[in-house]
Amino acid sequence: MSSPARSLVMALAKGRLTDDILDYLGRAGIPLPAGDAGRKLILESADGSVRYIMAKPADVPTYVEYGAADLGICGLDVLREAKRDVYEPLLLPFGYCRLSLAGLGTRPDTPLRYESQPRVATSFPNLTAEFFRQRGVNAEIITLKGSVELAPLVGLADLIVDLVESGNTLRANGLVEFRTILKSQAVLIANRAAYRLQSDAIRSIIARLRQVNQQPIPATTLS
Ligand code: PRP
């Protein structure tokens, strides 16, 4: 007697991306979490075919690399920062933002290479360190968990590296963007072993998401 097929496990980034992810999965005809999520961290689809893990965005690649989830959806920003060994079968058309170097608008326009040991606040220490290393600048990286824009305003840092979407947070705090370090958008990731084994469930989900990717965006979602 064959054992019943186990649910496919998908780790989703909780927060800003969640609504867009669920909308996209819905358009792809993938069974969505049933009922009211509330504070629950594990949600099942009504038919039991998909189990969703609601994780902090930066942790999604970790769940997928270790096989606690077969698939995951997060931003390229946290994926590149986490440096996890996962497969990236598909970029998804939402969650667009950029990781940028920014600072006070009143700052003198000094080329980075002439700056001696700038203090840089960020929630992306790996990508920030790499950016400065590649330019031969000896930066002191200060890691913060959020509201990074505060750092130059109170003298904690000379510069910040943070995500910019509309630019409103920078503008509201008198900060300006100097460089784009990484362009980001949502990405589907897969555990390497699970992808290689290509269970029917994984293959079917990737194929359905690919199909929506190729469809024009419905007029109602265009701004
Ligand atoms: C993110 C990011 C910026 C802001 C950018 O923060 O870190 O602060 O959004 O968006 P904008 O360009 O549209 O203003 P989030 O609100 O996720 O919280 P956090 O600062 O605690 O990370």
Flagged in region 71-96 as buried (at least 21 other Cβ atoms within 10 Å of the Cβ) and within 14 Å of the ligand (Cβ to nearest atom), in numbering order, are Cys74, Gly75, Asp77, Val78, Glu81, Gly95
Any idea which residue in region 143-161 is surrounded by the fewest Cβ atoms within 10 Å (Cβ to Cβ), counting only those that are outside any strand (DSSP E or B) and within 12 Å of the ligand (Cβ to nearest atom)?
-> Lys145
Qualifying residues in region 162-203 (those that are in the same structural domain as Leu17 (by TED's automatic domain parsing) and more than 23 Å from the chain's Cα centre (by Cα)) - the one nearest to the ligand (Cβ to nearest atom) | Ala201
Which one is surrounded by the fewest Cβ atoms within 10 Å (Cβ to Cβ) among residues in region 116-138 that are modelled with pLDDT of 95 or more and of a type in the set (Gly, Ala, Ser)?
-> Ala129
Any idea how many residues of region 162-176 are touching a residue at least 40 places away in the same chain (Cβ under 8 Å) and either among the hydroxyl-bearing types (Ser, Thr, Tyr) or outside any strand (DSSP E or B) (or both)?
-> 3
Return the only residue of Tyr24, Tyr52 being within 23 Å of Gln185 (Cβ to Cβ), out of contact with any Asp or Glu (no Cβ under 8 Å at 6 or more places or on another chain) and surrounded by 18 or more Cβ atoms within 10 Å (Cβ to Cβ).
-> Tyr24
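The values are calculated or read from the model by the stated rules, or taken from the named source; none is laboratory data. Computed from a predicted structure; not experimentally measured. With ideal geometry, Cβ positions are generated from the backbone for all residues, glycine too; neighbour counts draw on all protein chains shown.
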